[in-house]
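Have a look at the structure below, then the notes.
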Amino acid sequence: MEKKKTFVIVGIIITALMGVIVATEMKPTTDSMMSNDKPILLHIHPRLYLNVDGKPYFVPQNVGIEPDLWKDHTLDQYGMKGMAPLHTHTADGMIHVESTIVRNYTLGEFLDIWGLDLKGKIISVAVYGEPISDYRNHILKDEESIIMNITSNQ
């Protein structure tokens with residue numbers, strides 16, 4: 001009976017320690033909420049769906065975070081440490097707009113940060129099914145769905 005009691009107590013202690021570790025790891029740090037000692041004032045999530053030559057194409061994860069997917073640094077002063085103010089974390093097309101200033105960001109700015117080469121391509125963009133004539137200057141909005149069709153000019 002004493003062995004069983006010891007196992008139960010050890011199990012409770014281990015469970016409590018694991019809970020403390022998990023809670024500590026999940027707690028936001030100042031660095032994740034601040035950039036250059038400035039708070040994040042704008043935080044929205046539009047989603048970009050791409051089709052290239054009629055086939056679905058995934059927006060890569062870590063655009064604006066990994067160096068090979070972070071080509072334009074003109075907006076870096078408005079982002080968090082190690083991230084452009086327009087970036088992705090996953091390959092599902094969700095664009096994270098996290099900025100130390102409140103301003104309009106455009107689809108063209110995101111594409112510039114990514115470094116996506118659209119020269120010589122035919123581009124059509126729609127937001128909620130409505131065509132956008134000037135996609136580069138389209139202002140990103142929270143939870144909007146943007147569909148971009150890229151066709152090779154053959």
Please give the residues of the stretch 91-121, grouped as numeric ranges, whose backbone N is less than 18 Å from a label point set 7 Å along the Cα-to-Cβ vector of HIS45.
91-99
With equal scatterers on the alpha carbons only and no solvent term, can you work out the Debye log10 of I(q)/I(0) for the stretch 34-81 at 0.16, 0.20, 0.27, 0.29 1/Å?
-0.64, -0.88, -1.14, -1.16
Distance check, please: which entries in LYS38/LYS71; LYS71/LYS119; LYS55/LYS121 exceed 21 angstrom between their Cα atoms?
LYS38/LYS71
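Would you kindly give the portion of the calculated P(r) for the stretch 40-109 that falls above 20 Å, as a percent of all Cα pairs?
The proportion of pairs with Cα distances above 20 Å equals 26 percent.
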Quick check on packing: order 117-125, 88-96, 132-140 by the mean number of other C-beta atoms within 10 Å, highest mean leading.
88-96, 132-140, 117-125
The stretch 68-151: Kirkwood hydrodynamic radius (Cα pairs, Å) comes out at 13.5 Å
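Quick note: the coordinates plus some simple rules give every number you see, no bench work behind them. Everything numeric here is computed off the predicted structure, so don't read it as measured data. Positions of Cβ are backbone-derived with ideal geometry, glycine not excepted, and every protein chain shown enters the neighbour counts.
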